[in-house]
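Everything below concerns the one structure shown next.
No lab work stands behind these numbers, since they all come straight from the coordinates. Predicted, not measured: the structure shown is a model, and the values here were computed from it. All Cβ positions, glycine included, derive from the backbone under ideal geometry; neighbour counts span all protein chains shown.
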Amino acid sequence: MTKRVAILISGGGSNMVALAQSMTGDHPARPVLVLSNDPAAGGLAKASGMGIPVQAIDHKTFGKDRAAFEAVLHDALAAVQPDIICLAGFMRILGADFIGPWEGRILNIHPSLLPKYRGLHTHARALEAGDSHHGCTVHQVTAALDDGPVLGQARMPVLQGDTPDTLAQRLLPLEHALYPAVLRRFAAADLRPVMLDG
Ligand code: GRF
């Protein structure tokens, strides 16, 4: 049975594009919705251009009422009955009440080698720490931020003279390789971790 995948974005959606482009042929999943918390997210036009249904729920219209935003988000997802939800550059923290009904079916990509550097500014923190390597992690989403079971990681060396920007630029292609590889296994109920070295 083909798995239905909803992808949540907040910006350009390069990871969403990589995921959507991977779901062809004998791939066990297909994208059914790309949804953004920002109506101006560039990824929405990219998804539309790929023939994927899109939706925007502007979190700013809910003010500080996170629960109201998450309730509308839940209903929008429930309407398309996803088997898997991929957070891909989605910049809103989702609370336990939202995660609960979907737990075990939500994936996220985080730009660090978790458990290092949960949260923001991961590239700068890796540089400040003098790490020899940096990378990205795909993990299952739980109520604890950037803390769920790891499904895959991609590593790369930190080079002399690297800045947060050069790390982010070199990391993005690894993200675009890792996330589709993890999704393909996850959609086939294969939870063996994907480990890539860039
Ligand atoms: C990427 O660095 C990703 O690691 C982080 O958001 C950034 C932008 O992702 N989660 P995208 O281009 O919007 O997919």
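A few comments on the model shown:
- Globularity index of the chain, i.e. its alpha-carbon radius of gyration over 2.2 N^0.38 Å: 0.99
- When CYS86, CYS136 are arranged by Cβ crowding within 10 Å, least crowded first, meaning fewest neighbours, the order is CYS136, CYS86.
- Charge tally around VAL32: other residues with Cβ under 12 Å, Lys/Arg +1 each, Asp/Glu -1 each, net +2.
- Counted charge near LEU183, where neighbours are those whose Cβ lies closer than 13 Å (Asp, Glu -1; Lys, Arg +1): +3
- Charged-residue dipole, Cβ positions (Lys, Arg, Asp, Glu), the chain about Cα centre, Debye nearest 20: 260 debye
- Environment charge of SER14, counting only residues whose C-beta is closer than 14 Å and scoring Lys/Arg +1, Asp/Glu -1: +1
- Cross-link partners for LYS60 among the aspartates and glutamates, with Cα-Cα distance under 13 Å and sequence neighbours closer than 8 places in the same chain left out: ASP38, GLU70.
- Average projection area in nm² (convex hull over Cα atoms of region 1-102, one quarter of hull surface): 6.2 nm²
- For SER112, distant residues with modelled amide H under 5 Å away: THR137
- Between 0 and 90°, nearest 10: helix 66-80 axis offset from the chain longest Cα axis: 70 degrees
- Placing pseudo-labels 7 Å out from each Cα toward the beta carbon at ALA67 and LEU196 gives an inter-label distance of 4.0 nm.
- Distance from the C-alpha centroid of region 8-76 to that of region 110-140: 24 Å, rounded to the whole angstrom.
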